[in-house]
Amino acid sequence: MKTRALLLAFGLAACAKSDKPAASGAGKSLTIAVVPKGTTHEFWRSIHAGAVQAAQELSATGDSVHIIWKGPLREDDREQQIQVIEGFLSQGVQGIVLAPLDRRALVRPVEDAKRAGVPTVIIDSGLETDDVVSYVATDNYKGGTLAADRIGGLLGGTGKVLVLRLQEGSASTEERERGFLERLKSQYPGITVVSSDQYAGPTRETAKRASENLLNRFGGDLQGVFTSNESATIGMLLALQDMNRAGKVHFVGFDASQILVDAMRAHQLDGIAVQNPMRMGYLGVKMMASHLRGLPVEKKVDTGVTLVTPENLDQPAMKDLLSPPIARYLPGG
């Protein structure tokens, strides 16, 4: 495509020609683009807050860092996310911190950016290329196994459950779903998975519709449900509430938001596997800044995953995970 060729040519002319980071002296201003999968869910606001926190800390020590936050509105708009990355190549950014919507579709723009001298740190969800500085994310497979153990324990190792997936190509949620299903198969052979091939889509509205379809099909003979991200979990919760099934089916989801905390207090949700998105955004920016300064960085960083349940949600260790200090870093947060 002509536009992409022009952007790449511009980047190649403006940036270093080698794979090594530019020799940016301490104190020289850095502009780092942070590109989320979407911009509507609470999870991404936490990522944004963490990125701003890192930039503020670096700037306070004289290592001036400017963050540009931009991403697609919906978490299924791969083309818009690609366009955002391509646009940054013409805006003079020194590095990109990216949560790729698709493990394959975003490979080309990331590799193009590298050839243009603009390196990328991947956060949240994997990408099928080695042309990245670092991968900063949750152990998503482990999160899936934690959810499986919670469901398996609540059901006493027997019953029927379903999995509502997010969307094809999302490496993070695919790992969660794989962890859940493989753990059930190996540790809870008495549990039958009645459906694991349906997708929630990018919003809580699409997730609610998918959930209603599944519950209408299996709800009368269903003991457990697993959903693999914030919007899918909220969509399933809303469907269960509308159908008067909330609290009658054991339900474990993924990611934190106030509506899900309230649901746990109301005993309508049995647990959520919680990530640390602020830490993810924070370390993504820190890693990129270090790389651009010519410092070594870890190739892979695990930011942790914790199972929060109605029994432990009021413990002090859960506070920042469930209610990260977004307002401290984002206006109106």
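The values are calculated or read from the model by the stated rules, or taken from the named source; none is laboratory data. Predicted, not measured: the structure shown is a model, and the values here were computed from it. Every residue, glycine as well, gets a Cβ built from its backbone with ideal geometry; the counts of neighbours run over all protein chains shown.
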Among residues of region 175-192, those that are touching a helix residue (DSSP H, G or I) at 6+ places or on another chain (Cβ under 7 Å) and either assigned to a strand (DSSP E or B) or outside the structural domain of L162 (by TED's automatic domain parsing) (or both), counted: 1
Failed criterion for E212 (all others in (1) buried (at least 17 other Cβ atoms within 10 Å of the Cβ); (2) in contact with a Phe, Trp or Tyr (Cβ under 9 Å, 6 or more places away or on another chain); (3) not in a strand (DSSP E or B) hold): (2)
Residue pairs meeting the criteria (Cβ under 9 Å; at least 6 apart or on separate chains; first closer than 8 Å to A232 by Cα, in region 203-216; second basic (K, R) and not in a helix (DSSP H, G or I)): T203/R74
Unmet requirement for M278, which otherwise passes all of (1) closer than 16 Å to T173 by Cα; (2) touching a helix residue (DSSP H, G or I) at 6+ places or on another chain (Cβ under 7 Å); (3) modelled with pLDDT of 95 or more: (1)
Extreme residue, nearest to E42 (Cα to Cα), among residues of region 215-228 that are in a loop (DSSP other than H, G, I, E, B) and among the polar types (S, T, N, Q): S228
Of the criteria (1) assigned to a helix (DSSP H, G or I); (2) touching a residue at least 12 places away in the same chain (Cβ under 8 Å), which one S195 fails: (1)
Single unsatisfied condition, G235 versus (1) touching a His at 6+ places or on another chain (Cβ under 9 Å); (2) surrounded by 24 or more Cβ atoms within 10 Å (Cβ to Cβ): (1)
All strands (runs of 3 or more DSSP E) inside region 89-148 with 1 or more residues being assigned by TED's automatic domain parsing to the domain that holds K286 and surrounded by fewer than 24 Cβ atoms within 10 Å (Cβ to Cβ): 134-137
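Take V163 and tell me if it is under 17 Å from G224 (Cβ atoms) and either among the aliphatic types (A, V, I, L, M) or at pLDDT 95 or above (or both).
Numbers: under 17 Å from G224 (Cβ atoms): yes; either among the aliphatic types (A, V, I, L, M) or at pLDDT 95 or above (or both): yes.
Taking the combined requirement at face value, the residue satisfies it.
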